[in-house]
1. Being in the same structural domain as ASP159 (by TED's automatic domain parsing) and under 20 Å from GLY167 (Cα atoms) is the requirement here; does PRO82 meet it?
2. Yes or no: ASP95 over 21 Å from GLY200 (Cβ atoms), surrounded by fewer than 17 Cβ atoms within 10 Å (Cβ to Cβ) and under 23 Å from the mean Cα position of the chain (by Cα)?
3. Go through region 115-153 and count every residue that is touching a strand residue (DSSP E or B) at 6+ places or on another chain (Cβ under 8 Å), acidic (Asp, Glu) and assigned to a loop (DSSP other than H, G, I, E, B).
4. Tell me, which residue of region 57-69 that is crowded, with 19+ Cβ neighbours inside 10 Å and hydrophobic (A, V, I, L, M, F, W, C) is farthest from GLY163 (Cα to Cα)?
5. State which residue pairs qualify: first residue in the same structural domain as VAL51 (by TED's automatic domain parsing) and hydroxyl-bearing (Ser, Thr, Tyr) and inside region 114-139, second residue surrounded by fewer than 16 Cβ atoms within 10 Å (Cβ to Cβ) and in a loop (DSSP other than H, G, I, E, B) in any location, beta carbons under 6 Å apart, and separation of 6 or more residues or different chains.
6. Mind counting the residues in region 180-194 that are farther than 13 Å from VAL62 by Cβ and in contact with an Asp or Glu (Cβ under 7 Å, 6 or more places away or on another chain)?
7. Mind checking which residues of region 161-201 are in a loop (DSSP other than H, G, I, E, B), exposed (fewer than 14 other Cβ atoms within 10 Å of the Cβ), modelled with pLDDT of 95 or more and acidic (Asp, Glu)?
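The values are calculated or read from the model by the stated rules, or taken from the named source; none is laboratory data. Computed from a predicted structure; not experimentally measured. Here the Cβ is made from the backbone with ideal geometry for all residues, glycine too, and neighbour counts use every protein chain on show.
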Amino acid sequence: MMKKKIAGIVLAVSVAGGVGTGVVANALTTESPGPGPAPSTQAIVAPGDLVLAPGAVGPITVGMSKADAVGTGYFVADVASPADGCPARPLSWRDEYLDAYDVHTLGNGEIVSIGVWGTGARTADGVGVGSRYRQVRDAYPGEELVEAGYGQSGVRYFDGEDGGWIGFLFDEPVDEVDAASRVTFVEVTKGTEPSLMRDGC
């Protein structure tokens with residue numbers, strides 16, 4: 001009852017003041033949209049300005065549905081693969097992010113992994129592609145450097161709070177990585193540790 005009274009008062013004042021009553025009436029009577037992803041309320045930022053975290057790149061989280069990912073404004077859906085013989089991708093970054101990031105999904109488009117190739121994005125501690133091993137070691141002091149396949153090695157960090165992972169790849173084998181070795185790839189996952197590999201489609 002109180003809402004109807006307030007709406008009546010606003011409408012009466014609008015008519016008396018000569019304001020466009022159609023706009024006011026429409027705002028008061030239009031129902032909210034049905035189910036579906038809400039538009040993103042966050043501003044879209046440049047590729048190098050997204051913050052990396054276990055299980056997340058900026059506002060995008062591993063486990064996010066296809067619809068919710070598209071709703072962030074960073075992705076497009078159902079894109080033809082650039083590689084011959086590969087199926088269409090349920091989800092793909094917008095063009096301006098393709099040189100810096102990749103995304104792996106399930107068949108329904110749910111995000112399972114995000115890879116980072118660009119040099120701008122960093123964790124809250126300032127670690128990202130191009131960082132030295134000493135920076136990774138200082139930010140994640142309890143984590144071992146382990147084999148990652150293909151003569152490479154990596155450091156993987158697990159956040160026990162929400163099950164998110166973040167991994168840092170080095171192109172050298174474990175016994176050749178030194179304090180100055182650089183991160184060449186970052187991967188975020190959730191539930192399953194980062195493989196730090198990208199093969200096939």
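1. Considered against the rule, which asks whether it is in the same structural domain as ASP159 (by TED's automatic domain parsing) and under 20 Å from GLY167 (Cα atoms), PRO82 comes out as no.
2. In short, yes.
3. Here the count works out to 2.
4. Checking each candidate, the answer is ALA69.
5. THR119/GLY130; TYR133/ALA179
6. Adding up the residues that qualify gives 2.
7. Within region 161-201, just ASP178 meets the criteria.
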